[in-house]
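Engineer: Encoded as structure tokens, here's the structure I'll be asking about.
Only the coordinates and a few stated rules stand behind these numbers; no lab work does. Computed from a prediction, not measured in an experiment: that's the story for all the values here. With ideal geometry, Cβ positions are generated from the backbone for all residues, glycine too; neighbour counts draw on all protein chains shown.
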Amino acid sequence: MSVLTLPLLPDTNPQCGLQTPDLLLVTKGAPESVIKACDKATVPAGHQARLSDMAAQGYRVLACATKVLRGIDATRASHLQQAALETGMAFAGFLVMGNQVKAQTGAVLQAVTRAGVRQCMITGDNVLTAVAVARDSAESNMWQSGAGGEAWLMEVNVAITGAAISELYEEHLTRCQGTASALVLLLKHTHVYARAAPREKQLIVRCLQGLGHVVCMVGDGANDSFALKSADAGLSIAGHERDPSESAAEDTLAVPSIAAPFSTPIAHIGAVPLLLREGRCALATSLVSFRYMFQYGVTQFMATSLLYVHLSTLSAWQFLIADLVNTLPLVMVLNLTASADHLQAGLPFTKLGSWRFVGALAGNCAIICLGQVLQFLALRAQSFYDPLSAKEGSQGDPSQEDTMLFLSSTFMYLTQAIALCHNYGGFRANATTNKPLVAIVLVLFTFNSALFLVPTAAAQSWLQMVDTIPWWFLFASWLWALACGAALVAFEHFCVVKREGFWFERQRQQTAGGKLLSLHMPFTKQATISATAGSSPRYTLV
């Protein structure tokens with residue numbers, strides 16, 4: 001960035017060689033760019049070693065340069081190209097700034113690491129500065145693997161510049177498309193992307209998405225806007241710390257950017273775990289809603305199909321009770337469960353067609369169908385069973401089959417909702433925190449149990465239920481309905497939730513370990529690629 005200045009008085013700055021009120025061009029920026037625009041005679045020897053030393057200590061270093069524009073007035077200078085002005089400048093020195101990791105960063109990184117989220121840094125700063133900051137951030141974020149103290153979950157760490165990524169991307173498109181390339185391999189092992197321009201940040205995000213990753217991008221400035229828009233979840237944070245004296249409304253208005261789908265007025269990454277918790281909870285809740293409505297349809301379909309075999313069906317009032325009294329209230333409150341208060345490892349189902357999701361549906365549906373079929377067969381095996389109540393030509397008349405299947409199916413609508421109230425590995429809060437759901441479950445349990453065990457004459461007449469079934473069989477059927485509900489809950493807990501956790505942990509272990517990496521590829525721009533392995537967070541520059 002360059003600025004033109006006009007001194008008020010001549011001879012005010014002899015160091016700049018200013019004898020008349022000429023324009024003074026002052027520029028600052030990346031050291032490599034500024035030094036390239038300077039007269040070599042003004043650049044001190046050993047500047048590169050000094051720059052590398054300061055950057056390796058984690059300092060943010062900018063270079064400054066000046067140039068006196070003699071004989072050029074402000075009007076003429078405003079029409080000149082920036083590139084024409086920024087040549088032959090006098091090197092003024094380095095501007096060194098502290099680049100401390102914020103106090104909240106360590107705890108946040110530990111939380112997302114425990115949740116199995118891989119972290120990468122994308123910055124426009126010097127690669128050595130970025131590596132130093134990454135190393136400081138990782139000191140409290142290292143976790144030993146099961147192999148012991150000599151092996152670590154993150155064995156390979158690569159730091160690469162935005163220019164190298166752009167070059168690799170062009171190489172991938174022109175020569176390696178459709179096959180494994182150096183770009184793909186590096187994206188899997190790189191944790192620091194430095195000297196990245198805004199478009200290069202966007203390119204990195206899109207490349208990671210191309211590998212199948214769901215990318216959350218966090219940024220605090222206009223240089224991040226392209227990447228924030230391209231990310232699956234872009235979070236814009238404030239660029240400066242809030243003044244405690246400012247009002248909450250002023251803090252909200254101080255949101256730095258509207259380019260991201262999500263924004264926060266705080267000036268650190270503390271909102272990232274909240275964003276991940278809410279996102280995973282939203283996905284888990286959507287899938288729970290889909291599964292409940294699907295299983296509700298299967299339950300009603302099975303009951304109706306068994307009755308159709310005997311040329312009977314549920315009455316209109318029975319359908320109404322099943323839909324409006326049992327199902328609708330549960331659907332309205334099932335989604336009100338909040339997200340968990342801490343971030344857990346694992347992911348919800350992400351594809352409706354995945355074998356894991358289809359298997360969960362199939363298991364629940366098998367329990368539902370088996371429960372109703374066994375209930376139906378148990379009724380037909382009893383001595384009090386009246387086959388005349390289901391004779392041909394009696395469609396729409398009350399029958400023992402109709403009564404039992406209606407009662408058992410209404411209980412299954414409730415027990416399915418209870419089974420799906422699971423927090424799914426920590427994505428959602430405990431179901432007891434959903435007060436409306438708890439209240440409706442208790443009311444429906446009482447209502448359906450009363451229909452089962454102590455039905456009134458008015459209810460039997462209204463719902464077209466027969467009174468020829470002994471109480472002991474009704475009680476046994478009620479216990480059977482509870483047993484089917486317990487089977488649904490057990491299947492959901494042990495075969496769906498637990499297995500999801502095992503699957504995720506296995507996937508993470510397969511992808512966590514690194515290998516020694518050494519690549520040599522022809523580049524039009526000079527770049528080298530290598531990596532080291534070790535028990536501490538080491539980085540190799542690209």
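Engineer: On a 31 Å Cα-Cα criterion, which of the cross-link pairs LYS67/LYS229; LYS188/LYS229; LYS28/LYS102; LYS201/LYS351 come out too long?
Structural biologist: LYS67/LYS229
Engineer: I'd like the trypsin sites (Lys or Arg not before Pro) in region 46-77 restricted to DSSP loop residues with at most 11 other Cβ atoms within 10 Å, sorted by number.
Structural biologist: Hits after loop and neighbour filter: ARG70.
Engineer: Can you put ASP125, ASP73 in order, fewest other beta carbons within 10 Å first?
Structural biologist: ASP73, ASP125
Engineer: With θ set to phi - 60° and the Karplus curve 6.51 cos²θ - 1.76 cosθ + 1.60, what are the ³J(HN,Hα) couplings of region 269-277 in order, to the nearest whole Hz, using x for Gly and Pro?
Structural biologist: Rounded to whole hertz, the list is 8, x, 7, 5, x, 5, 4, 5, 5.
Engineer: Answer rounded, prolate or oblate for region 277-469, using the Cα gyration tensor with square roots of eigenvalues a ≥ b ≥ c: rounded when a/c is under 1.5, else prolate when a/b is larger than b/c, else oblate.
Structural biologist: Prolate, because a/c is 1.5 or more and a/b exceeds b/c.
Engineer: What is the distance, in nm, between label points placed 7 Å from the Cα along the Cα-to-Cβ direction at ARG118 and at LEU482?
Structural biologist: 5.0
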